[in-house]
1. Tell me yes or no: at least one residue of segment 137-158 is aromatic (Phe, Trp, Tyr), surrounded by fewer than 17 Cβ atoms within 10 Å (Cβ to Cβ) and not assigned by TED's automatic domain parsing to the domain that holds Glu196.
2. I want to confirm something. Restricting to segment 57-81 and keeping residues that are buried (at least 19 other Cβ atoms within 10 Å of the Cβ) and in contact with a strand residue (DSSP E or B) (Cβ under 7 Å, 6 or more places away or on another chain), which single residue is nearest to Val239 (Cα to Cα)?
3. Is segment 208-223 home to any residue that is crowded, with 21+ Cβ neighbours inside 10 Å, assigned by TED's automatic domain parsing to the domain that holds Gln21, in contact with a helix residue (DSSP H, G or I) (Cβ under 6 Å, 6 or more places away or on another chain) and under 26 Å from Glu27 (Cβ atoms)?
4. Given the structure, is Lys147 in contact (Cβ under 8 Å) with a residue 40 or more places away in the chain and of a type in the set (D, E, K, R)?
5. Which strands (runs of 3 or more DSSP E) does segment 169-239 wholly contain that include 1 or more residues that are free of Cβ contacts under 8 Å to residues at least 60 places away in the same chain, over 19 Å from Ala59 (Cα atoms) and of a type in the set (Ser, Thr, Tyr)?
Amino acid sequence: MSQLILIRHAQASFMKADYDQLSPLGEQQSLILGEYLADKAEVFDKIYIGPLKRHWQTAAGVKTIFEQRGLPWPEPIQLDTLDEHKGMEVMAALLPTLAKEEPQLQKWATLAEAQPKAARKYHLLIFNYTMRMWAKGEIDAQHLGLKPWSHFRAQVKAGMEQILAENGSGVKVAAFTSGGTMSAAVAYSLQMKAEEKVMELNGIVQNTAMSTFLFSKDRLTLKSFNELPHLEDKLVTFV
């Protein structure tokens, strides 16, 4: 059997102009992850990286440590099917309308505006609420050019199948991606059909967390999910 380690990106810049950019803490998290993997003398036969800047920046932090330790770092392969879902875009497009239709969303939006220090918490509540609706098919932004959740699930399935097809037995593969992608990969391996539960998994994936799978050409088995042995509690983040 071969091994695939999916790694979520480090902390990005939530509520900033460019979310797709590691925060200073995120940069620190990626280096700590690199130290942990290097201490274990992990050697990867192949490395895949999603298309986002935060994916590549996280991998760059790990690469820095590997090169310092003299550990091999295969030339990464960009795999676009490791991209994150477009949930943030869906929320931004639909929230003005949804807030008028959903009293709970309007309440949180009002509280966020009235309590700037707690705005982050309320924005996360709004995001998670909206994402559950989107995953269940209760809202749709296809008329705005944004593909549905079902398309994202199919995308991740295709990505996992490609990784399985391209790698033989006895290899160790790393893939840097996002929390939604990791959750969808777990759901694919477990054949989960409850889309709301898949989105709930998305909400608990920690930055730089690892999920490990065992695989062969036609089999993907979850070994562990959302592991974070390398970070102290004070460094743990979810967005």
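The values are calculated or read from the model by the stated rules, or taken from the named source; none is laboratory data. Keep in mind that what you see is a predicted model, and the values were worked out from it rather than measured. Ideal geometry is used to build each Cβ from the backbone, glycine not excepted, and the neighbour counts take in all protein chains shown.
1. As a first pass, look at segment 137-158 and keep what is aromatic (Phe, Trp, Tyr): 149, 152.
Checking the rest, the ones that are also surrounded by fewer than 17 Cβ atoms within 10 Å (Cβ to Cβ) come to none.
The answer is no, given that none of the residues of segment 137-158 is aromatic (Phe, Trp, Tyr), surrounded by fewer than 17 Cβ atoms within 10 Å (Cβ to Cβ) and not assigned by TED's automatic domain parsing to the domain that holds Glu196.
2. Ranking the qualifying residues of segment 57-81, first place goes to Thr58.
3. yes
4. On the way: in contact (Cβ under 8 Å) with a residue 40 or more places away in the chain: yes; of a type in the set (D, E, K, R): yes.
It is true that Lys147 is in contact (Cβ under 8 Å) with a residue 40 or more places away in the chain and of a type in the set (D, E, K, R).
5. Working: elements: 172-177, 210-216, 219-227.
By residue number, 219-227.
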